[in-house]
1. Quick check on the range 198-210. Is at least one of its residues more than 22 Å from the chain's Cα centre (by Cα) and not in a strand (DSSP E or B)?
2. Hey, does the range 30-51 have a residue that's under 20 Å from Arg137 (Cα atoms) and under 28 Å from the mean Cα position of the chain (by Cα)?
3. Just the residues that are among the hydrophobic types (A, V, I, L, M, F, W, C) and either touching a Pro at 6+ places or on another chain (Cβ under 6 Å) or modelled with pLDDT under 85 (or both), please, taken from the range 86-116.
4. What tally of residues in the range 270-315 results from selecting those that are among the charged types (D, E, K, R), at pLDDT below 85 and farther than 29 Å from Ala244 by Cβ?
5. Looking at the range 129-163 only, could you name the residues that are surrounded by 16 or more Cβ atoms within 10 Å (Cβ to Cβ), in a strand (DSSP E or B) and of a type in the set (A, V, I, L, M)?
6. Just a yes or no: is a residue in the range 171-194 among the charged types (D, E, K, R), surrounded by fewer than 20 Cβ atoms within 10 Å (Cβ to Cβ) and under 24 Å from the mean Cα position of the chain (by Cα)?
7. Evaluate the following for Gln83: is it over 29 Å from Val267 (Cα atoms), modelled with pLDDT under 90 and surrounded by 18 or more Cβ atoms within 10 Å (Cβ to Cβ)?
8. Within the range 51-71, how many residues turn out to be in contact with a Lys or Arg (Cβ under 8 Å, 6 or more places away or on another chain) and under 16 Å from Leu6 (Cα atoms)?
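The values are calculated or read from the model by the stated rules, or taken from the named source; none is laboratory data. Since the model is a prediction, treat every value here as computed from it, not as a measurement. Reconstructed Cβ throughout: ideal geometry from the backbone, glycine too, with neighbour counts over all protein chains shown.
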Amino acid sequence: MNTRLLRASPQQLRAFEVTARLGSVTQAAREIHVSQPTVSVHLRELSALVGEALFEPIGRGIRLTPTGEALQQTVAEVNACWQRFESRLADMHGLLSGRLRIAAVTTAEYFVPDLLGPFAQLHPGVEIDLAVENRDRVIARLHDCADELAVMMLPPDDLPLQNLPFMDNPLVVIGPQQHALADGPPVPLRQLTHERWLMREPGSGTRLVTERHFSARGFSPRIAMSLGSNEALKHAVGAGLGLAVISALSLRWGAQRADAADSCPWVRLPVEGFPIQRQWSVVWRTDRPLSAPAARFVAYLQQVHNENPASADWLACQAR
């Protein structure tokens with residue numbers, strides 16, 4: 001068995017890793033820029049070397065078998081070992097290089113590039129892979145060891161994680177520009193019972209925090225629609241479809257665009273109990289050592305927080 005497995009090629013393992021992650025041979029072929037039959041051949045050959053099936057059909061798609069799941073974890077561990085070796089080799093030559101694999105929840109896309117830009121300029125030898133997903137997908141990637149670091153608001157409790165908060169993330173209520181509450185005093189949440197509410201999709205951290213906040217206050221919103229992005233949420237609110245809870249960070253970016261056009265279609269509403277004060281954190285697994293690029297990025301975030309904590313404006317300045 002060991003002799004057979006040593007004959008597994010990097011191409012076979014790469015084809016398997018991508019197919020397992022995407023759940024599709026077609027998408028895997030597209031990502032690694034080879035034909036679909038080539039990916040299928042690699043998977044059949046690897047399955048023959050292992051001696052067991054790695055995938056099984058489910059509907060029109062495929063899913064990992066228990067053996068495939070074990071191999072997926074093993075491949076992730078091997079890749080992480082190689083990345084650490086590359087980082088140590090670079091350190092021996094006085095250079096920081098290697099690959100930084102980082103995932104971020106969708107709302108974090110408004111500021112994570114502003115963090116990565118200066119870091120990349122300081123360390124041009126580091127290649128950065130950034131995945132932007134909703135909270136559920138980011139957690140799945142942490143389970144699969146697909147990334148070393150993750151930027152999120154609500155870290156999961158079922159993984160051994162280190163958590164470094166580095167920036168505030170206030171959640172606010174917005175409504176259409178001409179809403180009756182726009183210029184008034186703060187109103188109790190219970191007065192919004194008959195309003196239509198727009199929510200992020202299930203699996204979103206913003207939605208989870210909002211639902212917990214509502215539940216703690218005995219408030220049952222009339223949910224009219226779920227949307228898959230902050231931009232879709234803002235457009236729907238601006239179109240008069242309802243109210244929404246959203247990160248104030250996403251409003252800053254949107255307001256800059258709207259101000260330029262002289263027509264901001266939504267407005268922040270004064271509601272008691274808001275903003276909901278949350279924090280952005282970078283998290284990583286404590287049961288696996290960090291590569292040199294990941295450890296350096298954590299130190300960089302700590303420096304950002306110490307120099308000017310909770311300032312999104314400061315982060316934006318760093319990218320200029």
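1. First, pick out the residues of the range 198-210 that are more than 22 Å from the chain's Cα centre (by Cα): none.
Within the range 198-210, none of the residues are more than 22 Å from the chain's Cα centre (by Cα) and not in a strand (DSSP E or B).
2. Here is the first cut: in the range 30-51, the ones under 20 Å from Arg137 (Cα atoms) are 31.
Pick out the ones that are also under 28 Å from the mean Cα position of the chain (by Cα) and you get 31.
Looking for residues that are under 20 Å from Arg137 (Cα atoms) and under 28 Å from the mean Cα position of the chain (by Cα), one finds at least one in the range 30-51, hence yes.
3. As a first pass, look at the range 86-116 and keep what is among the hydrophobic types (A, V, I, L, M, F, W, C): 89-90, 92, 95-96, 100, 102-105, 108, 111-112, 115-116.
Passing the criteria: Leu89, Ala90, Met92, Leu95, Leu96, Leu100.
4. We begin by selecting, within the range 270-315, every residue among the charged types (D, E, K, R); these are 272, 278, 285, 287-288, 296, 307, 313.
So of that shortlist, the ones also at pLDDT below 85 come out as 307, 313.
Going one step further and asking which of them are farther than 29 Å from Ala244 by Cβ, we end up with 307.
Count: 1.
5. Of everything in the range 129-163, those that are surrounded by 16 or more Cβ atoms within 10 Å (Cβ to Cβ), in a strand (DSSP E or B) and of a type in the set (A, V, I, L, M) turn out to be Leu130, Val132, Leu149, Ala150, Val151, Met152, Leu161.
6. The initial filter retains those residues of the range 171-194 that are among the charged types (D, E, K, R), namely 183, 190.
Remaining after also requiring surrounded by fewer than 20 Cβ atoms within 10 Å (Cβ to Cβ): 183, 190.
Narrowing further to those that are under 24 Å from the mean Cα position of the chain (by Cα): none.
Within the range 171-194, none of the residues are among the charged types (D, E, K, R), surrounded by fewer than 20 Cβ atoms within 10 Å (Cβ to Cβ) and under 24 Å from the mean Cα position of the chain (by Cα).
7. On the way: over 29 Å from Val267 (Cα atoms): yes; modelled with pLDDT under 90: yes; surrounded by 18 or more Cβ atoms within 10 Å (Cβ to Cβ): yes.
Taking the combined requirement at face value, the residue satisfies it.
8. Total meeting the criteria: 1.
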